[in-house]
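Notes follow the structure.
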């Protein structure tokens, strides 16, 4: 008989934000596990001061993490200033520990307690949750996502050393984790709900000429997103549509707006609910990953890669990480802008190996990923 576990899930995104790895894994935990999903208290998302049910056996509650990744530049500057002050961080960490102590009472009598940490800023309050085992699921390169005050970097390094198990989503992150002190990080990448994307009906309400084929992107649009590249692609293919779906960071929003004004077949439609994403992707003829190469993107294992494949949509990508070579026939890799445009045109004019793409996606289904992650979390061997 397996032991009963209570899981404290310390996330770096809100439950009702982009539906990604945290939520996909949490809802697939064993039926005897109960999950308290602790999300950052984020402006623009209604907070939950007390645990509220959001899925079967999953409750969410908001928590005052330092908002270093806030969309507002002013808020990020305030957070950086607080994180740079010993007195300010001391007060914040004391508040977090007190709050965590109250939330620790959410557990069941006799249950073992696991902490899944995806936000390294949880480390100062982690002990107050009284976990028996700590798993650090390092999804991104946390020191490259946004400026981190130097006095907080030791918190990340201490978490890597102290966690019982460390999970990473790419080989680049494994190297980074080892450099920070992790002993034996386990590589478990991202995934996709294959059936949801394969079976969705193509969306017919995307902007532009309905008869024009779509080259599309789904995901966050931030400083690593190459707006000039997609603008050049749209200009090179005036009979097609280039459609961008996802939230745009304020620092990139002005660039996107300017590109749309200059390129009538380039459309940014903003974020869409996850339930609509499969139909949107099914409407694409070509999927795009137009990332600049940065220390952050070099460590990325993009969910959109698997979503495009599950929908049978061929993909063209920049060489933003060396791991693109491991994706085989699921992608065309471009070294520069002319190569990116040429690859997109070739895919647009050719016949995609949809069965091969779906087979690739099935090897990375969220069910398979969650099975490996659950084994890492609860297995006795680690």
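The values are calculated or read from the model by the stated rules, or taken from the named source; none is laboratory data. Owing to the predicted nature of the structure, the values given are computational and were not obtained by experimental measurement. Cβ sites come from the backbone with ideal geometry, for glycine too, and all protein chains shown count toward neighbours.
What do you reckon, is residue 59 farther than 23 Å from residue 163 by Cβ, out of contact with any helix residue (DSSP H, G or I) (no Cβ under 7 Å at 6 or more places or on another chain) and not in a loop (DSSP other than H, G, I, E, B)?
Details: farther than 23 Å from residue 163 by Cβ: yes; out of contact with any helix residue (DSSP H, G or I) (no Cβ under 7 Å at 6 or more places or on another chain): yes; not in a loop (DSSP other than H, G, I, E, B): yes.
Criteria met by residue 59.
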> For residue 71, are the conditions met, namely being assigned to a helix (DSSP H, G or I), at pLDDT below 90, surrounded by 15 or more Cβ atoms within 10 Å (Cβ to Cβ) and under 22 Å from the mean Cα position of the chain (by Cα)?
Replying inline: no
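Yes/no matrix, rows are residues, columns are (1) over 24 Å from residue 300 (Cβ atoms); (2) touching a strand residue (DSSP E or B) at 6+ places or on another chain (Cβ under 9 Å); (3) outside the structural domain of residue 274 (by TED's automatic domain parsing); (4) exposed (fewer than 15 other Cβ atoms within 10 Å of the Cβ):
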position	(1), (2), (3), (4)
203	yes, no, no, no
215	no, yes, no, no
221	no, yes, no, no
233	no, yes, no, no
238	yes, no, no, yes
248	no, yes, no, no
252	no, yes, no, no
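To keep it simple, each residue is scored yes or no on (1) touching a strand residue (DSSP E or B) at 6+ places or on another chain (Cβ under 8 Å); (2) buried (at least 20 other Cβ atoms within 10 Å of the Cβ); (3) outside the structural domain of residue 250 (by TED's automatic domain parsing); (4) farther than 19 Å from residue 321 by Cα.
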{"residue": "138", "(1), (2), (3), (4)": "yes, yes, yes, no"}
{"residue": "144", "(1), (2), (3), (4)": "no, no, yes, no"}
{"residue": "147", "(1), (2), (3), (4)": "no, no, yes, yes"}
{"residue": "152", "(1), (2), (3), (4)": "no, yes, yes, yes"}
{"residue": "159", "(1), (2), (3), (4)": "yes, yes, yes, yes"}
{"residue": "162", "(1), (2), (3), (4)": "yes, no, yes, yes"}
{"residue": "173", "(1), (2), (3), (4)": "yes, yes, yes, no"}
{"residue": "181", "(1), (2), (3), (4)": "no, no, yes, yes"}
>> Restricting to the range 351-382, and then to whatever is outside any helix (DSSP H, G or I) and in contact (Cβ under 8 Å) with a residue 12 or more places away in the chain, can you tell me which residue is nearest to residue 166 (Cα to Cα)?
In response: 382
>> Would you confirm whether or not the range 190-201 contains a residue that is over 24 Å from the mean Cα position of the chain (by Cα) and in the same structural domain as residue 251 (by TED's automatic domain parsing)?
In response: yes
> Given the conditions (1) assigned to a loop (DSSP other than H, G, I, E, B); (2) modelled with pLDDT of 95 or more, which single one is not true for residue 232?
Replying inline: (1)
> What pairs can you find where one residue is in the range 253-268 and without any contact (Cβ under 8 Å) to a residue 60 or more places away in the chain, the other is outside any helix (DSSP H, G or I) and surrounded by 12 or more Cβ atoms within 10 Å (Cβ to Cβ), and their Cβ atoms are less than 6 Å apart, with a gap of 6+ or different chains?
Replying inline: 256/248; 256/268; 259/266; 260/266; 265/241; 266/242; 268/244
> Only one of (1) farther than 16 Å from residue 68 by Cα; (2) more than 29 Å from the chain's Cα centre (by Cα); (3) modelled with pLDDT of 95 or more is not met by residue 117, so which one is it?
Replying inline: (2)
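May I ask you to say which residue of 59, 45 is closer than 28 Å to residue 277 by Cβ and modelled with pLDDT under 95? Even if it seems obvious, please write down each step before you answer.
Details: 59 fails: modelled with pLDDT under 95.
Only one candidate qualifies: 45.
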> Among (1) in a loop (DSSP other than H, G, I, E, B); (2) over 30 Å from residue 356 (Cβ atoms); (3) within 18 Å of the chain's Cα centre (by Cα), which single condition is residue 182 missing?
Replying inline: (3)
>> Quick check on this structure: which one of 50, 65 is in the same structural domain as residue 113 (by TED's automatic domain parsing), in a loop (DSSP other than H, G, I, E, B) and surrounded by 14 or more Cβ atoms within 10 Å (Cβ to Cβ)?
In response: 65
